[in-house]
Structures are given as C-alpha cells and as structure tokens.
Amino acid sequence: MYQYILKRVLLTIPTLLGAAALVFLLMRLIPGDICLVRLGSGGASFDPKALIACHKEIGVDRPILVQFLEFIWGIIRFDFGTSMWSGKPVSTEILARLPISVEIALLATTVAVGIAIPLGTISALKQNTWIDVAVRIFAIGGIATPSFWLGIVSVLLVLDITSWVSGTPWMPPIDYVPIWKDPIRNLSMAILPAITVGYRYAAVSMRMTRSAMLEVMREDYVRTARAKGLINKLIINRHALKNALLPVVTLIGIEFAFLIGGLVVTEQVFNLNGVGRLFVQAVQNQDYTLTQALVMLTVAVFVFTNLAVDLLYGWLDPRIHFA
Amino acid sequence: MRRILLAGLLAIAPTAPFAAEAGKHGGTLTYMIPADAPPSFDGHREATFATIHSVAPFYSVLLRINPDNPSSADDYVCDLCTEIPKPTDAGKTWTFRIRDDVKWHDGTTLTAADVAASWNAIVFPVPGVLSARASIYSMVETIVAPDAHTVVFRLKFATSAFLPALGDAFAFIYKAETLAKDPHWYERNILGSGPFKFAGYELGQSIKGERNPDYYHKGLPYLDGFIGIYAPKESTRVEAIRGNRAALEFRGLPPSAVDQLLKAGGDKITVQTSDWNCVNNLTINHKRKPFDDVRVRRALALAIDQWKGAPPLSKVTTIRTVGGIVFPGSPLAATKDELQQIAGFWPDIEKSRTEARRLLKEAGAEGLTFEMVVRNVDQPYKYTANWVIDEWSKIGVKVSQKVVPTGPWFEAMRGGTFDVVSESACQSNINPLLDVQKFLPTNISPQNYNQYEDAAQNEMYEKILHETDPAKQRALMRQFEIYTLDTAAHALVLVWWNRIVPMQSTVKGWKISPSHFVNQDLGTVWLDQ
C-alpha cells in the first residue's frame, strides 16, 4: 500500500513537469504584452519609456530559454516567483484566494452528495415510477442549466422577493469574511454559489448513482442476498450502495478538483475573490508567472484528488488491493 | 433613456442649492470599483482608474480641478499649494507656496521637499522606476524646493498645457524620505496626507479607509470611512447598488443598467451625467494598401453619418456627443459649424457619400473589402464597430470584424498587423494640448498606431503647444484638426463618450466630471442618512 502511494506520488513529478512545459509554451504563443495591457488598456496616454522599463522590470525582455529554465528551477524549489502584474509573490496571491474557493467547493460537494446519493438511489429503486421520472427531470434540469445563469437568476430572485416582502431589497454580501470571523456573513455569501454550483454537480452525480445502483441491483450477490432472506434495507445499505458508489466517488473526486479553480464564471457572478477569478485575471493580463503557477496548482489538485479516490476504492471494495 | 435624461437633469441642474446643502458628518461609504484590483497602489507608475479609485482618498496633490466645479476644463484650485501662482520669466517659472499645516498620516509634517521629490519622481524617474506619464512633462526643465514652503518649476518653454498637466489625478504627493530610501515602496504601501487614512486591504477584494482627523481642509472629510469593493462584472455592481451592498460606482454604467436601477429604485436612485473625456477612434494602417491613399481614408470618414448615428447609439451605449479631436466641452473644441466643414461631419450625408464613392473610384478601390480588429469589450467598442460597418456598407465597402481580447488587440496595433482597428482614447483631466498627442505621427507618438510619419503635422502641433494666446491657439488647433481629420485624413474620430453615474440618493457632495480619473478623493462626499 505504502509502496503504491510512493509510486503514485513519484509519478506526479513527470506529470507536473510536462504540464509546466506545456503551459509555459502556450502562454507565450498567445499574442499580447502584459506591459501594454497594464499601461494602455484604460485608453490613457503613457510614456513609451515606461513600456521599456516595465519589460525590463518583469524580465520578459530576456531570452525565452532563460525564462523557461528559471521557471523550472523555481518549480523544483517550490518557488513560483512573483506575479508579473502585481509584483507580489505568487503564493501570496493564490493563498489569499484559496479559502473562498475551497469553502465553495466543500459546500457545493456537501450539497451535491446530500442530494445526489439519496435521490439517485431512490430513483433507481423506484425505476419507471413517477418518483423516478421526477428525479430524472430534476437531474436533467441541473445538467442543462448553466451555473452562472442560475446564479444571476437566484440573486435577482432574492432581490425581488425581499423587496416584495419587506420593501427593501436585500442581496448576499459581496465581500468575503472568513467563517471564523463572522459565520453568518460568511455563509450568507457562500450559500447561493454553493447551491447553484452544487445543483449541477448533484445532477451529474445523481444520474451516475442511479445507473450504478440499477446495475448493482441486478448483480448475482444481490439476488443471493435476497434469496437468503435479508431485508431490503440491509441489502441496499450494506451490499448494493457501497458497491454502486465506486464510479460516483470517482466523479465526485473529479468534480471537486474542478471546483478549485474552475468556477471561473460563477465567481464573477457572485463577486467571489476566488482562484477561478484569479485565473481569468491572470490570463487576461497575460501574467505568465501567475498563470503558470495556477495551472500547476490545478494539475496538482487533480493528481492528488485522483490518488485519494484510488485509495478510497480499497475501502469501498475489499477486493481491490494496491500492489 | 428618457428616464436617465430626466434624472440626470434633476441631479445636475440645481447646482446652486446642491452646493449650498450643508454636509453631514458620519457614515461609511461603500462603493464598487468596476475592475479587478490594480497592479499596484503607486499612482506615478499606473495608468488604470482602478488605482485612482482605490487610493486617491489617501493622498494629497499639488493642485486639482475644483471639486465643486469638476465639469470645468480650467477651474483649477490648490490642494497643497496656498494659491495658484502667476508665472514669471515669460511664463517659464512657476513658484508654488506650500501649506504649512499639512501632516502625513504618520504625524510628521509635509514640506515643499516632499512635493518637489514627488514631482521629480514623476517627471524625471530614476532608472528602473516606471513613470507612466513622464513624457507629458517634456516642457519641464527643473523642479526644486528652495525652502520648506516653496516649490519652483522651471520650464523649457512657456505653454498653457503645463498647469492642467500639474492637475493630473495620478500625481500623488509622497514622502521624500521614503522615496529616497525605496522608490518602489509606494507600489505596495500607502502613506499619504489626504482626507482618509489607510485602514486595510483585502488582496483583490476590497480597500478600506478611515477619516483623517488632522486633514488640513477644515471640516472635511464628512465620512467616517469608506470601503471600495472590486467588482469587474457589471451585473454584480448593478445588483449591489440595488440591494444596498454598495451606494454607487464612480466610473459609469451604460443606459440599460441605469434604466434597470431607476425602475427598481425609483426616487432612491439619482443619476449624474456628463460628457466624457474619452473618444472612439478608428485607426487606419497607413502602411497597408489601399489605406496609404488619402482618398481612401477620406472616403471611409465621409461614409459615416455621425450626426444621425449618435442619438440612437446614446440610448444603448456609453457614447453621445459628436466632436472632433478636442473634447467637446473645451474652449479649444470646434463648434458645430466648424465641425461640419470637415470630412466625416458634413451635414448632408448623401452629398458626403457621393463624394466618398467618387474618391474610392478615383483611387481604384471600388468594392473595397477589409478586416476591422475590434477589442472584445462590449461598451462601446462592439456597438460602434457594428455601426460603422453598416455605414461603410452604404458606399459599397464590405468589412468583416475580428473580435479579440485586449492582449492580442494591442499586439495587432503595435505590430501593425491590421487594416483598421476600433480603439479609444480616454484621458484624465481635460488638457487638449496634451490629449491630442494621441493623433501625432507614430514616430512622435508611439501610441498612435496609424503607422505613419508626417513632419508637417508635428510642426503644426509644436506651434499650438508653444502658443499661449488663447485665440491664436484656438485658430492653430482648427488648422491642426482640419489637417488631421480631413486634408491628410490621418485619423477618424467617432462619437465621444457619455458618463452616466447612478447612485443611491443618500450620497451627496460628489459631482460628476468629464473624467473618471478626476475628483475621487471623497473629501466632500457625505451621506444623507
């Protein structure tokens, strides 16, 4: 088991280096200039000498190979340098945004799991009844509805309803306060994005739970359990659901990894100062160092989430052994 | 739109009682900053309004546009100086007396040495330090502080562009001692002498200030503090104003968003409007055929009916006023009659288009097709691009548009890899003598991406810059404008922008100006609650 984990961790090194080389090259293929964006995007006049000084300051006037070697050397030392845009350490930029992204990801996952597993299971057990149809409609609605649209509509609904009820429109806060400082303000800000993101996430997981349950319920060991007279509740909880959860856990893992950094539009809609919004800013501003670091973060989250999911398999299905 | 106009008139028209209304102390103003957080806090090095809207309340400046009359083009008043001086030495020496009651937020006294050091950092940046607007101070020879209360600017030549240039909203006064120790210190730290003290910054999210009790303009500021929240998405900002999470945003919203707020908020929302010192212009690549032919460039200008296009466009976009290369509210701007003599502004559009077709035929460019590069920003770039493409189709010119993000858009302009680009020029306080530098030849003004050289045009400009008599200056500006837009048809300017700022009606004491860079120190703002 430990050897397996070590092997998987070591395998992440070439994965990360490959991703690093790819993102480094791709960023430089995009036409543009961070200094021009910085000095000229507002349409105001600027001194041409300032442009040259800016190039020199952030080091983009050096040969590409030197920049690449410096980047790789930084990765080896876990030093991603400073943001070309703000001049602040990349780690400071990311760490400031990580809490809100992680919180939304955790809350959305809670919403998704809380909805998907019970409803998916019920839908499978009540196959082709009105309950199954209702759950499937709910799931298809979640898949078909873009989170950002749902986000905008939910805020407008809150505004309209509060205005109608109390005469004064209210909307969730738009600036983040950590949960340990002000839990009510924090949750009032986080709950709507968590629900809007969690709904789509739940819909996908619900469909996966339903189809996995349908498959497992037709397995021989379930039939055997029935034949030996086990009550339905035990068959479902002890034998069927645990096995059906294998693909669901994989999906939840991938979705969770996606949420850290992938909530690009939702974070804009709710004005969340998260990693997704930072990603957009970094690409728009052509901030090479920050974009590279964010891609590396995303790759690392995916790699380690997949590792955690693989390890969970062993607990869910004792037949799986790690060698 | 009618609603906006009415609300705008209600907000702007009764200026006298508005100004007379006594301010109330107290309260915290929360406003939106319609951008991501600025790259740094240093006004000398940055060019984005996000820096101004974040940190202007912390800083003093030497002089500024009168906060009670910010729509004026030339009503400059002292902030740190005691009075606007009369220049000596045939207009080449300006001696400013500095107030002696100004304290830095750390309690030490601000002196003329600080003012001189800050201005030297702006005009003559040391190697390795960025000063975004150093080139506009080309007339300055030296800046010295002979004593603790005097700053002297000596110029190479007298010019009326100098005083407005001193009123630049980015020209924050920094502490000389700090600048000497580390010229980069102000990029990440804040220490000023303005109406508010720095109270906190949440990276990428918000900035906070608290009242400076030692502020030298007695009785100000009114607010106990402020919170500026960064919100690049328009719908979030509109919802936040409606939902009482913020009182306003200072940059300006398009008419549809303002209508939405007025519909939901009724009399709880007031609106201020102003012509905006920003103009859309079409940049034509002179190095590409057939745009190297002045007849083709003139034809493109003649095809566009700006007089008919502006009113309907103003209902859906942030553009409104037809003008030439000078801000329409400025004394140096062309009158409507003068403008109507220039190609692209003729009152008879049929005559204009007939001439355009003739010019194209003469130049052998009938049935011209080309690509226009458009910045991927809705307001107003995409709207104006669609409009002019439609206008050009009326003389048989077929244009496709290529919409690209800001980075590639700049790259295309700088690299000259375009036929025509839709861009804009957005300036700070109104200073036409410097603002028109955008239209100088590329070898003189690298931010003019038209890719041409023209010594005659530059010579005309130098004459205007050195002329101090207003009447003669105006006449020279007319010649320059006719040459630039018509004779040589180097540039094609479209409609000027319209700034519309809706706010909760509890916000008082702030008056709109033609620039979103100006009048942002919040010293006079108060809350009626």
Can you tell me the orientation of helix A:288-316 relative to chain A, as the angle in degrees between its alpha-carbon axis and the longest Cα principal axis, to the nearest 10? 20
If you average the C-alpha positions of segment B:468-529 and of segment A:1-28 separately, how far apart do those two centres end up, in angstrom? 54
Between A:D47, A:D33, A:D79, find the one with the highest GNM mean-square fluctuation for chain A; connect C-alpha pairs within less than 10 Å. A:D47
If you roll a 1.4 Å probe over the heavy atoms of the protein chains, what accessible area per residue do you get for segment A:112-228, in Å²? 52
Hey, if you put +1 on the Cβ of every Lys and Arg and -1 on every Asp and Glu Cβ in the protein assembly as shown, which of A:G42, A:L278, A:T109 ends up farthest toward the positive end of that dipole? A:T109
1/(1 + (r/R0)^6) with r = Cβ-Cβ of B:W307 and B:V77, R0 = 30 Å, i.e. FRET efficiency to nearest 0.05, evaluates to 0.25
How many angstrom separate the Cα center of segment A:234-293 from the Cα center of segment B:444-462? 51
From DSSP H assignment alone, runs of 4+ in the protein assembly as shown each adding -39500 (n - 2.57), the sum over residues rounded to the nearest 500 puts [θ] at 222 nm at -15000 deg cm²/dmol
With a 1.4 Å probe on protein heavy atoms only, tell me which residues of segment B:414-437 lose at least 30 Å² of accessible surface in the complex relative to the chain by itself. B:R414, B:C426, B:Q427
Lys, Arg +1 and Asp, Glu -1 on Cβ, resulting dipole of segment A:54-97 about Cα centre, debye, nearest 20: 60
What is the calculated FRET efficiency for B:N376 to A:I161, with r their C-beta to C-beta distance and R₀ = 30 Å, to the nearest 0.05? 0.30
Can you tally the net charge around A:I254? Count Lys and Arg as +1, Asp and Glu as -1, for every other residue whose Cβ sits under 14 Å from the Cβ of A:I254. -1
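Which FRET efficiency value, to the nearest 0.05, do you get for B:A90 and B:A148 by plugging their Cβ-Cβ distance into 1/(1 + (r/R0)^6) with R0 = 35 Å? Don't skip to the end; give the middle numbers.
Working: r = 28 Å, r/R0 = 0.80.
The formula returns an efficiency of 0.80 here.
What number comes out for accessible area per residue over segment B:295-350 if the probe is 1.4 Å? Units Å², please. Write down the numbers at each step before the final one.
Values: 2070 Å² over 56 residues.
Each residue of segment B:295-350 exposes 37 Å² on average to a 1.4 Å probe.
Tally Lys and Arg at +1 and Asp and Glu at -1 over the other residues with C-beta under 14 Å from the C-beta of A:S205: what net charge comes out? Please report the intermediate quantities before stating the final value.
Numbers: positive: A:R136, A:R200, A:R207, A:R210; negative: A:E255.
Overall, the nearby charge balance is +3.
Looking at chain B, which longest stretch skips every one of the GluC sites (Glu not before Pro) that is in a DSSP loop with at most 15 other Cβ atoms within 10 Å, leaving the sites themselves out?
Values: sites that count: B:E21, B:E83, B:E366, B:E453.
The answer is B:84-365.
Chains B and A: buried accessible surface, both sides, probe 1.4 Å, rounded to 100 Å²? Before the final figure, lay out the partial values.
Working: alone 21220 and 17740 Å², together 34450 Å².
Accessible area lost upon association: around 4500 Å².
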When DSSP assigns beta bridges and you keep just the ones with both residues in the protein assembly as shown, what percent turn out antiparallel, to the nearest 5? 75
What is the average number of partner chain Cβ atoms found within 10 Å of a Cβ in B:490-498? 0
DSSP-loop chymotrypsin sites (Phe, Trp or Tyr not before Pro) across segment A:1-93, with at most 11 other Cβ within 10 angstrom: A:F78
A:I179-A:V280 pseudo-label distance in nm [points 7 Å out on the Cα-to-Cβ vector]: 2.5
Beta bridges by DSSP in chain B, antiparallel share as percent, to the nearest 5: 75
Residues of segment A:113-152 with amide N under 20 Å of a point placed 7 Å along Cα→Cβ from A:E219: A:117-127
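Among A:231-240, B:70-79, B:301-310, what's the highest-first ranking by average C-beta atoms within 10 angstrom per residue? Write out the running numbers ahead of the final one.
Details: A:231-240: 14.7, B:70-79: 17.8, B:301-310: 21.2.
Result, highest mean first: B:301-310, B:70-79, A:231-240.
Could you work out how much longer the chain between A:K233 and A:T168 gets when fully extended? Use 0.36 nm per residue separation minus the Cα distance between them, nm to one decimal. List each step's numbers first, then the result.
Working: separation 65, 0.36 × 65 = 23.40 nm, distance 4.91 nm.
Full extension of this stretch gives 18.5 nm more.
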Mind scanning B:K308/B:K438; B:K315/B:K382; B:K351/B:K382; B:K103/B:K218; B:K197/B:K218; B:K24/B:K511 and naming the pairs with a C-alpha gap bigger than 18 Å? B:K308/B:K438; B:K351/B:K382
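Determine the order of A:K181, B:K463 by accessible area, beginning with the largest, at a probe radius of 1.4 Å. Mind dumping the intermediate values first?
Numbers: A:K181 140, B:K463 120 Å².
Sorted descending by solvent-accessible area, the residues read A:K181, B:K463.
Sort B:213-221, B:54-62, A:310-318 by the packing proxy (mean of other Cβ within 10 Å over each peptide's residues), most packed first. The partial results should precede the final answer.
Details: B:213-221: 15.8, B:54-62: 25.9, A:310-318: 13.8.
The most tightly packed comes first, giving B:54-62, B:213-221, A:310-318.
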For chain B, the longest principal axis of the Cα atoms and the Cα long axis of helix B:383-393 enclose an angle in degrees, to the nearest 10, of 20
Determine the relative contact order of chain B: mean sequence separation of Cα pairs under 8 Å and six or more apart, normalised by residue count, in whole percent. 23
Under 15 Å from the Cβ of A:Y221, count the other residues' Cβ atoms, weight Lys and Arg +1, Asp and Glu -1, and hand me the total. +3
In nm, to one decimal, how far is the B:N458 label point from the B:V316 one, both placed 7 Å along Cα→Cβ? 4.2
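With contacts defined as alpha carbon pairs under 8 Å and 6 or more residues apart, what's the relative contact order of segment B:27-185 in percent?
Numbers: 259 pairs, mean separation 40.9, N = 159.
With pairs under 8 Å counted, the relative contact order is 26 percent.
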Identify the residues of segment A:184-219 with backbone N under 14 Å of a label point that sits 7 angstrom from the Cα of A:L106 along the Cα-to-Cβ direction, or state none. A:186-187, A:190-191
Run the paramagnetic zone check for B:E362: 7 angstrom along Cα to Cβ, then residues of segment B:280-294 with backbone nitrogen under 18 Å. B:290-294
Could you give the distance between the Cα centres of segment B:233-278 and segment B:297-312, to the whole Å? 30
Kindly express, to the nearest 10 degrees and within the range 0 to 90, the angle between helix A:64-76's C-alpha long axis and the longest C-alpha principal axis of chain A. 50
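Students sometimes get this wrong: rank A:Y221, B:Y31 by accessible area, probe 1.4 Å, all chains present, largest first.
Working: A:Y221 80, B:Y31 0 Å².
The most accessible residue leads, giving A:Y221, B:Y31.
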Ignoring ligands, DNA and RNA, please state the percent of accessible area on the protein assembly as shown from carbon and sulfur, probe 1.4 Å. 61
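The values are calculated or read from the model by the stated rules, or taken from the named source; none is laboratory data. Quantities reported herein were computed from a predicted structural model and do not represent experimental measurements. Note: ideal-geometry Cβ built from the backbone for every residue, glycine included; neighbour counts use all protein chains shown. Heavy atoms of the whole protein, side chains included, go into the accessibility calculation; ligands, DNA and RNA do not. Shrake-Rupley method; radii C 1.70, N 1.55, O 1.52, S 1.80 Å.
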